[in-house]
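Shown next, in C-alpha cells, is the structure this report addresses.
The values are calculated or read from the model by the stated rules, or taken from the named source; none is laboratory data. What you see is a predicted model; the values in this text were computed from it and never measured. Cβ atoms come from the backbone with ideal geometry, glycine included; neighbour counts cover every protein chain shown.
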Amino acid sequence: MIGEIIDWFTNSANWQGEDGVPTRVLQHLGYVLLSLVIATVIAVPIGLYVGHTGRGGVLLVGSGNVIRALPTLGLVTFLFLLFTDSDIAAIIGLVVLAIPPILAGTYAGLQAVDRSVVDAAEGMGMRGGQRLWQIEVPIALPIVLGGVRNAVLQLVATAAVAAYVGLGGLGRYLLDGLAILDYGEVAAGAILTALLAIVLDLVLATVQRALVPRGVRLAEAGAKKEVSA
Amino acid sequence: MGIEFRGITKKYPDGTVAVDDLNLTIEDGTITVLVGPSGCGKTTSLRMINRMVEPTSGSILLEGEDIRDSDAALLRRGIGYVIQHAGLFPHRTVLSNIATVPLLSGWDKNKAKKRAAELLEVVGLPAEVGKRYPAQLSGGQQQRVGVARALAADSPVLLMDEPFSAVDPVVREGLQDELLRLQSQLGKTIVFVTHDIDEAVRLGDRVAVLRVGGKLAQYGTPAEVLRQPVDDFVAGFVGKDRGYRGLSFLAADDVLVEDVPTVRVGSKPEGSDGWRLAVNDAGEPRGWLAPGSVVDGELVEGELLAGGSLYQQGTPIRGALDAALSSPASLGVVVDADGKAIGVVTARQVLDVIENHPEGVAR
Ligand SMILES: Nc1ncnc2c1ncn2[C@@H]1O[C@H](COP(=O)(O)OP(=O)(O)OP(=O)(O)O)[C@@H](O)[C@H]1O
Ligand SMILES: [Mg+2]
C-alpha cells in the first residue's frame, strides 16, 4: 500500500497535464475560494445584522441547523439534475454548505461582545454603524474568523466528494482511482485533500493573527489565564 | 437649572414598573447620589437621562430643555457616562479609549490624543499607561480610565452607575477621594448610582433614597437622611450605624488639641512616667513609647508601640473619635495637612463636642 502511494507520487506523469497534481490542486482551490467568497458575501452581512440588532437570532440558529442537516451529496446531485452543469451545481451546493458556519460564527462573535462594552459605546454617543464597525466587529473578529476556518475545512472535504457529479479537483483521484481499483491513486487523492486543508487552515490562522487587534488577543489571553488559575 | 425629572414613570414591556412617578431636581455643580436596594430603579432612572432608556411617561429637562428634543447620539456625546465594569474597548489603547468622544465629535486626531493624555494625568495615571490595552490594567486603573473617558466629553453632566463597586474596598476609597478632589476642581453636575449607603453619604451633596417599585423615599442632604429618616424603610436602609456615620458631617473645629510630650526617633530619651509620642525628623508620628519604658541608647522604631489611626485637622469629627479609640495611649494623634503631629485629643473631648451639637452641623 505504502509502496503504491510512493509510486504514484513519484510518477512524473501524475504531475503533468490536465490530470496532474498542480492542475487538480488549483482547480480544487478555485472551487473552495469561489464558494467561500460567495458564502461570505451572503452570510456575513446577515450575521452582522442579526448579531447587531439582536433581531431574528432564533430564526437564524434554526435555519442554520436545517441547512446543516441537508445531505450535501444529495443536494449537489439534485442541483446537477436541475442545472445539468456540474460546476454550477457543485458551487451552489458548496455555498449552501459554507453559509451556516460563517453565519453562526459572525452572529456568535457579535453576541459574545461584552454587554458593558456595547453599552458604553452606545452611551458615549456612537450611532449604530459606528458601534458595529468600530467596536463590535473588531472585537468579534476571532470568532467570526473561526467560523470562516470551519467553513473552509468543510469546503475542502466536500469539494472532493463533488467530483461525483463530474467536477474536477482532487476528488477526481478518489473517484477515478476507485473506478480502476488503483488504491495508490485513491490514497494520494485523500492525502492531497488533507494537505490542502491543513495548508489553507495555516494560511487563515496567519491571517487571523494579523487581523485580530492586539488588545483583543491580550484580553483573550488574560481570560484564559483567569480560567486556568 | 440642572436636571429635572417630571413625573417620570418607566414600565418595561414585561410589566415591571422600574420607576414610578419620579419627581426630582438635581442641582448644577453637585453630586447627587441615587441609592437604594437592588432592583429599585436606580440604573433605569440614570439611563433615562442620556436616553439609553426612554420613559413611559413624564419628561426630563436638562438645562431647561426637554431631552427628547435633541438627537439621542448627540445628547450622549455631551454627557459623560461611567459604568460598573468600565466597559473599556478592549481593542483600543487607553489613550484611544479616552479620546472616543472627541473623535466622534470630529476633533482631529492629534488634538484628541493630546486631550486624552491630559485627562490621564487628571485621573492620576502615569503617562506610560496610555499606550497599554485595557487587559493590561488593574481594575482600579480601568475605572480611572473609564472616568477619564467620560470627562473627555468636557460636558457639565456626568452619569456614574456603580463605578467603583467592582474594585476592592481600599481601592474604592482611593477612587472616591479622587472623585471628590476632581469634583472640587471641576464642579460638574454628577449623578451617581450606588447601593452602598456609606458611599452615598461620603460622596453625595444630596442623596435620593429609592425604594423597590421605583418610588422616591427621601431626598435630602446626607446628614438629613441619616438624622431624620422619613420612615422605617429609610431608617432601615441607612442602617444601625447611622448615628456614628452622622459624625462624618460634624466639623471638628472646636475640638481642643492638647500638647503631648514627644520623643524623636534616633535620639536618646530620658525616662518618664507618661505616654510619649515618637516622631521622626519630619515631625511625623511613628508610634508610642509607653509610660516608664526605658530605652538603652538611641530610640529605634522597633521599640515603639504601633500608633492608631491619625486625625487630620479640619476633617470631620468621625476621624478624631476613631483616632482616640484606636490609640494605645487613648490619645488620638492630630496631624496637619502635611502629616506633622500637632497634638492629641481624647475620646472624652470629642464626645463633649458632639454633645454640644445635638442637631449636628450639616456641611
Ligand atoms: N430591560 C428590562 N426589561 C425588563 N425589566 C427590567 C429591565 N431592566 C430593568 N428591569 C427591571 O426593572 C427594575 C429596576 O431595575 P434597575 O436596573 O433600574 O435597578 P437598580 O436599582 O439599578 O438595581 P441594581 O442595584 O441591582 O443595579 C428591576 O425589577 C429590574 O428587574
Ligand atoms: Mg443598577
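Observations
- Segment B:26-68: number of residues that are within 14 Å of another protein chain (Cβ to nearest Cβ) and surrounded by 14 or more Cβ atoms within 10 Å (Cβ to Cβ): 11
- Across segment B:146-183, the qualifying residues are those that are within 16 Å of ligand 1 (Cβ to nearest atom) and more than 14 Å from the chain's Cα centre (by Cα), and the one among them that is nearest to B:Pro102 (Cα to Cα) is B:Leu159.
- B:Thr25 meets the conditions (1) of a type outside the set (A, V, I, L, M, F, W, C); (2) at pLDDT 95 or above; (3) within 15 Å of ligand 1 (Cβ to nearest atom); (4) closer than 20 Å to B:Val209 by Cα in every case but one. The failed one is (3).
- Any hit, segment B:73-81, residues being free of Cβ contacts under 8 Å to residues at least 24 places away in the same chain and more than 16 Å from ligand 2 (Cβ to nearest atom): yes
- Filtering segment B:179-196 to residues that are within 16 Å of ligand 2 (Cβ to nearest atom) and surrounded by fewer than 23 Cβ atoms within 10 Å (Cβ to Cβ) leaves B:His195, B:Asp196.
- Residue count, segment B:69-96 (criterion: buried (at least 21 other Cβ atoms within 10 Å of the Cβ), at the interface with another protein chain (Cβ under 7 Å from one of its Cβ atoms) and within 20 Å of B:Val193 (Cβ to Cβ)): 4
Per-residue answers, yes or no, for (1) within 30 Å of B:Val225 (Cβ to Cβ); (2) touching a residue at least 24 places away in the same chain (Cβ under 8 Å):
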residue	(1), (2)
B:Asp273	no, no
B:Ser293	no, no
B:Ala306	no, no
B:Leu321	yes, yes
B:Ser327	no, yes
B:Val333	no, yes
B:Ile354	yes, yes
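- Among the criteria (1) in a loop (DSSP other than H, G, I, E, B); (2) at pLDDT 95 or above; (3) within 16 Å of ligand 2 (Cβ to nearest atom), the one B:Arg51 does not fulfil is (3).
- The set of residues in segment A:142-156 that are under 15 Å from A:Leu33 (Cβ atoms) and aliphatic (A, V, I, L, M) comprises A:Val148, A:Ala151, A:Val152, A:Leu153, A:Leu155, A:Val156.
Residue by residue, here is whether (1) of a type in the set (D, E, K, R); (2) farther than 15 Å from B:Thr262 by Cα holds:
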residue: B:Leu310; (1), (2): no, yes
residue: B:Gly314; (1), (2): no, yes
residue: B:Ala324; (1), (2): no, yes
residue: B:Val335; (1), (2): no, no
residue: B:Lys340; (1), (2): yes, no
residue: B:Val345; (1), (2): no, no
residue: B:Arg348; (1), (2): yes, yes
residue: B:Asp352; (1), (2): yes, yes
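- Being buried (at least 19 other Cβ atoms within 10 Å of the Cβ) and within 24 Å of B:Leu210 (Cβ to Cβ) holds for only one residue in B:Gln176, B:Gln143, and it is B:Gln143.
- Of the helices (runs of 4 or more DSSP H) lying entirely inside segment A:113-216, those carrying at least 3 residues that are free of Cβ contacts under 8 Å to residues at least 24 places away in the same chain and within 14 Å of chain B (Cβ to nearest Cβ) are A:115-123.
- When B:Leu325 is tested against (1) modelled with pLDDT under 85; (2) in a helix (DSSP H, G or I), just one condition goes unmet, and that condition is (1).
- Qualifying residue in segment B:1-17 (condition: within 12 Å of ligand 2 (Cβ to nearest atom), part of a strand (DSSP E or B) and buried (at least 23 other Cβ atoms within 10 Å of the Cβ)): no
- Scan segment B:120-140 for residues that are of a type outside the set (A, V, I, L, M, F, W, C) and within 14 Å of another protein chain (Cβ to nearest Cβ) and the total you get is 8.
- Here B:Ala217 clears all of (1) within 19 Å of B:Val238 (Cα to Cα); (2) assigned to a helix (DSSP H, G or I); (3) touching a Gly at 6+ places or on another chain (Cβ under 9 Å) except the condition numbered (2).
- Entry remark, segment A:52-108: residues being assigned to a loop (DSSP other than H, G, I, E, B) and either surrounded by 13 or more Cβ atoms within 10 Å (Cβ to Cβ) or hydroxyl-bearing (Ser, Thr, Tyr) (or both) number 4 in total.
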